[in-house]
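K.L.:
This is the structure I have questions about; it appears just below.
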Amino acid sequence: MINFLNNDTYEINESLKVENLTFEDYQEICKRLGRKPNRTELGMFGVMWSEHCCYRNSKPLLSKFPTKGKNVLVGPGENAGVIDVGNNQKLVFKIESHNHPSAIEPFQGAATGVGGILRDIFTMGARPIAVLNSLRFGNLDKSSNIDLLRGVVAGISHYGNCVGVPTVGGEIDFDDSYSGNPLVNVMALGLLETDEIVCSGAKEVGSPVLYVGNTTGKDGVGGASFASSELTSKSLDNRPAVQVGDPFIEKSLIEACLGAFKTGDVIAAQDMGAAGLTCSSAEMAANGGLGISINLDLVPAREDDMSAYQYLLSESQERMLLVVKEEKINTLIKEFKKWGLFANVIGKVIPKKEVVIYQKNQIIAQIPTSALSDETPINIHNVIKEPPSDLLKKWEWFEDKLPLVRKNLILSLKDHKLYSLSQIILELLSNPSIASKRWVYQQYDSQVQSNTVFKPGEADAALIRLRCQHEKNKDKNFSGVAVSVDCNSRWVLLDPFRGSIAAVAESARNVSCIGAEPIAITNNLNFSSPETDLGYWQLSSACEGISKACIALETPVTGGNVSLYNESKNQNNELTPINPTPVIGMVGTIKNIDKAISSGWKNINDQIWIIGSNSSESKIEASSYLEYFHGLVTGRPPKIDLKDEKNCQSFLRDAISKNYIISSHDISDGGLAVALSECCILSSKGATIDLQGGTIRKDSLLFSEGGSRIIFSLNKKQEAKFLDFVNLKSKDLNQNIYVKKIGFVSKETLNISLEGKELCNLRVDELTKKFNNSISSRFN
């Protein structure tokens, strides 16, 4: 018998508040059910209709993404995207966020973020082969931000290292806007091991529903709703909404599930992530066009006297729901228990399109699958027609408002002191957002599975070798998958449209810089409240930018995640939104990993070249130099010519494949001077550079960003062949694209001149010391 909510207005309003539902939602629930819901059913609707699960604020924007392409096998809608990477191999990949849990419990929040994204991958029948992360924290001058950084990195390293999946790359940025709301985005990739992609739709009426994995507890109850609300000073009270993970159980679950999938005895699979048993059962039923019944008394529990509400909304980790062939149930249970996992039949597939929940011989919840999953509520927002006036004012800022560079000295508007251009380079290299992230990635096992080609920090993108599946191919060259995660949130803050285009372009550029061809993306849209005009305009503009860039670069969107309400309230009820941060996870392929190249110089006297586009703007506005040296976050980010961007990357890849180019590195944060410094640091070699500047400011020449620019090196003996190659390609490169020689690799110093006159001269060991010790020095 179902006990319904009574008509007490206070009880209803309090229940709706707990579930982050509106009274209009409640009325719609009553309409869909044809009656009032009970408290458990209301909780089920609360998590299923949260932004985290149904994208109620962002779905109209997401529908505009390009999702089809020649390599795309599975796009948005399943647990993860799937692309064809050649040689009869299929790559499964996705990115997810665990922002709010990490804010209040950094170790477990980050650890379970890794566990959750891994389950999305192996649920499809793929073995996880790599993890990356994109992290944001407040500035490290606050001890609370240092504690968050330590906790998150420890959580990621603990889970990834123990489960045996390499953490191969990532990015980290620091800004005060993230102080109360850090971002923890985790991307995972896997290689399909089954003949068919395992999907989530329940099929065949009467088939058993098998629960496998860890036990169900009270941790993580209501986590999806918690992730869809803002953080406040009282958020510590929500610690029970943070899950607790066990990577060793996850490892057993990976092996057991992949083994079961290979038998063909599993009809459908769904991990119990956000919204737990509620979401997994409802989505399996809805995707299969059938119903499902669950008996909670059969669910393995780690605590006594759990309520139906707690069972259904728990987000305890390392749990899976499978629909299996009835005649194979005993064999499967035996196999899962061999791995030390719980395996219980807790229900069955039913013909009526309902989710029916039993406990203690009573029906606790009975909801049509369409009511939970179909035509979920959409919050309609109007997009403001013009950018906010304060942003338009920032766009009017130009570099002529900066002090002039005189005798290679310039006055900082931040501390009103004179600095040489050499000193500015050192200042930028020591900023935590630009500096080496060695302190972080040294805690990660990047080499487990023995397929990581470049160690973290060595190249612009991570590269994973794809082992040949068949014995007959063992003598062939190994192909590989390249992957990069990127977002310049400062650019997105100052222009969401241009900034998001740049995020896609940079992630593709990084993949191209090692010689791989960009194929597809996954994205994680981290934004503040969509209920404000500014917040929704930022989100809408960013989605437009991503769509435009993905269409131009032919890199469709295969899925991803939306994380909204990333903002924090202090004790005075003052709201601080994060900088809008649409993280792009780009994947690409390379046919022969022996052709791939890293960022550091290779040999003394190698030539150093640059490629870029005059149509893609390169300027100081919105740059790292402007923020970190002058204390100004202003100006409009550079405009990128996407046609030229694509042609520059194509030229670079072709030259790499022909062995002309032996190192390459994109010009991004900190501009040309920082990019050259990083190549010197990575190789312990110097560079002698002579630039042609004309009327360009000296600081703009060194520190401007944009321009679709890449620096690369080649052996001087290859120059003649390379110039022939350039001439051959000239018909594909329009007159706006330039390829210029700017210098050569030297021994111990970075020397940059302008038309023969020295701008800066720095020893490589001095650059290295500043770059490598920045983050760790702030812990002392």
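K.L.:
With the requirement that a residue be over 23 Å from Phe122 (Cβ atoms), in a helix (DSSP H, G or I) and open to solvent by 10 Å² or more (accessible area, probe 1.4 Å), what does segment 267-307 give you?
P.N.:
Passing the criteria: Asp297, Leu298.
K.L.:
Hey, any hits in segment 636-647 for a residue that's more than 30 Å from Lys70 (Cα to Cα), hydrophobic (A, V, I, L, M, F, W, C) and in contact (Cβ under 8 Å) with a residue 40 or more places away in the chain?
P.N.:
no
K.L.:
Shifting gears a bit: So the check is Cβ under 6 Å with 6+ separation or different chains; which pairs have a first residue in segment 744-758 that's among the basic types (Lys, Arg) and a second one that's open to solvent by less than 90 Å² (accessible area, probe 1.4 Å)?
P.N.:
Going by the 6 Å Cβ cut-off, the qualifying pairs are Lys747/Gly686.
K.L.:
Does segment 556-576 include one or more residues that are at pLDDT 95 or above, open to solvent by 20 Å² or more (accessible area, probe 1.4 Å), out of contact with any Leu (no Cβ under 8 Å at 6 or more places or on another chain) and not small (Gly, Ala, Ser)?
P.N.:
Scanning segment 556-576, I find no residue that is at pLDDT 95 or above, open to solvent by 20 Å² or more (accessible area, probe 1.4 Å), out of contact with any Leu (no Cβ under 8 Å at 6 or more places or on another chain) and not small (Gly, Ala, Ser), so the answer is no.
K.L.:
I would also like to ask the following. Considering only residues that are assigned to a loop (DSSP other than H, G, I, E, B) and more than 11 Å from Tyr211 (Cβ to Cβ), look in segment 325-350 and name the one that is most open to solvent (accessible area, probe 1.4 Å).
P.N.:
This residue is Trp339.
K.L.:
Return a yes/no flag: does segment 585-594 have any residue that is among the hydrophobic types (A, V, I, L, M, F, W, C) and surrounded by fewer than 24 Cβ atoms within 10 Å (Cβ to Cβ).
P.N.:
Checking segment 585-594: at least one residue is among the hydrophobic types (A, V, I, L, M, F, W, C) and surrounded by fewer than 24 Cβ atoms within 10 Å (Cβ to Cβ).
K.L.:
Follow-up question, since we're still on this one. Which pairs do you get when a residue that is without any contact (Cβ under 8 Å) to a residue 60 or more places away in the chain, found in segment 705-726, comes within reach of a residue that is in a helix (DSSP H, G or I) and buried (at least 17 other Cβ atoms within 10 Å of the Cβ), reach meaning Cβ atoms under 9 angstrom, with the pair 6+ apart or on two chains?
P.N.:
Close Cβ pairs (under 9 Å, with a partner that is in a helix (DSSP H, G or I) and buried (at least 17 other Cβ atoms within 10 Å of the Cβ)) amount to Val726/Phe651; Val726/Ala655.
K.L.:
Starting from segment 196-209, keep only residues that are in contact (Cβ under 8 Å) with a residue 12 or more places away in the chain and closer than 7 Å to Val349 by Cβ, then list their pairs with residues that are aliphatic (A, V, I, L, M) and in a loop (DSSP other than H, G, I, E, B) whose Cβ atoms are within a distance under 6 Å, requiring at least 6 positions of separation or different chains.
P.N.:
Ala202/Leu290
K.L.:
With (1) under 36 Å from the mean Cα position of the chain (by Cα); (2) farther than 17 Å from Ser599 by Cα; (3) of a type in the set (S, T, N, Q) as the list, and Thr695 as the residue in question, which single condition is left unmet?
P.N.:
(1)
K.L.:
Ok, one more. Which condition breaks for Ser422 when tested against (1) surrounded by 14 or more Cβ atoms within 10 Å (Cβ to Cβ); (2) part of a loop (DSSP other than H, G, I, E, B); (3) modelled with pLDDT of 95 or more?
P.N.:
(2)
K.L.:
How about segment 637-649: which of its residues are surrounded by fewer than 20 Cβ atoms within 10 Å (Cβ to Cβ) and in contact with an Asp or Glu (Cβ under 7 Å, 6 or more places away or on another chain)?
P.N.:
Passing the criteria: only Lys639.
K.L.:
From the list Ser623, Ser598, exactly one residue is buried (at least 21 other Cβ atoms within 10 Å of the Cβ) and in contact with a Gly (Cβ under 8 Å, 6 or more places away or on another chain). Which is it?
P.N.:
Going through Ser623, Ser598 in turn, just one is buried (at least 21 other Cβ atoms within 10 Å of the Cβ) and in contact with a Gly (Cβ under 8 Å, 6 or more places away or on another chain): Ser623.
K.L.:
Let me ask you something else. Touching a strand residue (DSSP E or B) at 6+ places or on another chain (Cβ under 8 Å), of a type in the set (Lys, Arg) and open to solvent by 10 Å² or more (accessible area, probe 1.4 Å): does that describe Lys262?
P.N.:
no
K.L.:
Those residues that are at pLDDT 95 or above and either open to solvent by 10 Å² or more (accessible area, probe 1.4 Å) or closer than 18 Å to Asn526 by Cα (or both), I need them from segment 100-112; list them, please.
P.N.:
Correct list: Pro106, Phe107, Ala110.
K.L.:
Follow-up. Specify which of the listed residues (Val92, Val85, Val72) is in contact with a strand residue (DSSP E or B) (Cβ under 6 Å, 6 or more places away or on another chain), open to solvent by less than 10 Å² (accessible area, probe 1.4 Å) and more than 23 Å from Ser373 (Cα to Cα).
P.N.:
Exactly one of Val92, Val85, Val72 is in contact with a strand residue (DSSP E or B) (Cβ under 6 Å, 6 or more places away or on another chain), open to solvent by less than 10 Å² (accessible area, probe 1.4 Å) and more than 23 Å from Ser373 (Cα to Cα), namely Val92.
K.L.:
In addition: For segment 184-193, does any single residue satisfy the condition of being under 13 Å from the mean Cα position of the chain (by Cα), more than 30 Å from Thr263 (Cα to Cα), at pLDDT 95 or above and not aliphatic (A, V, I, L, M)?
P.N.:
Taking every residue of segment 184-193 in turn, at least one turns out to be under 13 Å from the mean Cα position of the chain (by Cα), more than 30 Å from Thr263 (Cα to Cα), at pLDDT 95 or above and not aliphatic (A, V, I, L, M).
K.L.:
Can you pull out the strands (runs of 3 or more DSSP E) entirely within segment 433-548 that have at least 1 residues that are farther than 25 Å from Asn161 by Cα, touching a residue at least 24 places away in the same chain (Cβ under 8 Å) and of a type in the set (D, E, K, R)?
P.N.:
In segment 433-548, the matching strands (runs of 3 or more DSSP E) lie at 517-526.
K.L.:
Related question: Tell me the strands (runs of 3 or more DSSP E) entirely within segment 686-770 that contain at least 3 residues that are exposed (fewer than 14 other Cβ atoms within 10 Å of the Cβ).
P.N.:
Result: 757-763.
K.L.:
Just checking, how many residues over segment 142-163 are touching a helix residue (DSSP H, G or I) at 6+ places or on another chain (Cβ under 7 Å) and of a type in the set (Ser, Thr, Tyr)?
P.N.:
Within segment 142-163, residues that are touching a helix residue (DSSP H, G or I) at 6+ places or on another chain (Cβ under 7 Å) and of a type in the set (Ser, Thr, Tyr) number 1.
K.L.:
Inspect segment 650-661 for any residue being part of a loop (DSSP other than H, G, I, E, B) and either modelled with pLDDT under 95 or crowded, with 23+ Cβ neighbours inside 10 Å (or both) and give the result as yes or no.
P.N.:
Checked against the condition, which is being part of a loop (DSSP other than H, G, I, E, B) and either modelled with pLDDT under 95 or crowded, with 23+ Cβ neighbours inside 10 Å (or both), segment 650-661 yields at least one hit.
K.L.:
Among what's in segment 249-259 and is in contact with a helix residue (DSSP H, G or I) (Cβ under 7 Å, 6 or more places away or on another chain) and open to solvent by less than 10 Å² (accessible area, probe 1.4 Å), pick the residue that is nearest to Ala126 (Cα to Cα).
P.N.:
If we take residues in segment 249-259 being in contact with a helix residue (DSSP H, G or I) (Cβ under 7 Å, 6 or more places away or on another chain) and open to solvent by less than 10 Å² (accessible area, probe 1.4 Å), then Leu258 is nearest to Ala126 (Cα to Cα).
K.L.:
Restricting to segment 648-684, what's the tally of residues that are closer than 17 Å to Ser512 by Cβ and hydroxyl-bearing (Ser, Thr, Tyr)?
P.N.:
6
One line per residue, one yes/no per condition, for (1) under 15 Å from His98 (Cβ atoms); (2) not hydroxyl-bearing (Ser, Thr, Tyr):
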| residue | (1), (2) |
| --- | --- |
| Ile117 | yes, yes |
| Val131 | yes, yes |
| Ser134 | yes, no |
| Gly138 | no, yes |
| Val153 | yes, yes |
| Gly160 | yes, yes |
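K.L.:
For the structure I just gave you, tell me whether Leu322 is of a type outside the set (Gly, Ala, Ser), open to solvent by 10 Å² or more (accessible area, probe 1.4 Å), modelled with pLDDT of 90 or more and closer than 17 Å to Ala202 by Cβ.
P.N.:
No; evaluated as a whole, the condition is false for this residue.
K.L.:
What is the one condition in (1) open to solvent by 20 Å² or more (accessible area, probe 1.4 Å); (2) under 30 Å from Ser624 (Cβ atoms) that Leu183 does not satisfy?
P.N.:
(1)
The values are calculated or read from the model by the stated rules, or taken from the named source; none is laboratory data. Keep in mind that what you see is a predicted model, and the values were worked out from it rather than measured. A quick note on method: Cβ atoms are made from the backbone with ideal geometry, for glycine too, and the neighbour counts reach across all protein chains shown. Just the protein is used for accessible areas: all its heavy atoms, side chains included, with ligands, DNA and RNA removed. Shrake-Rupley method; radii C 1.70, N 1.55, O 1.52, S 1.80 Å.
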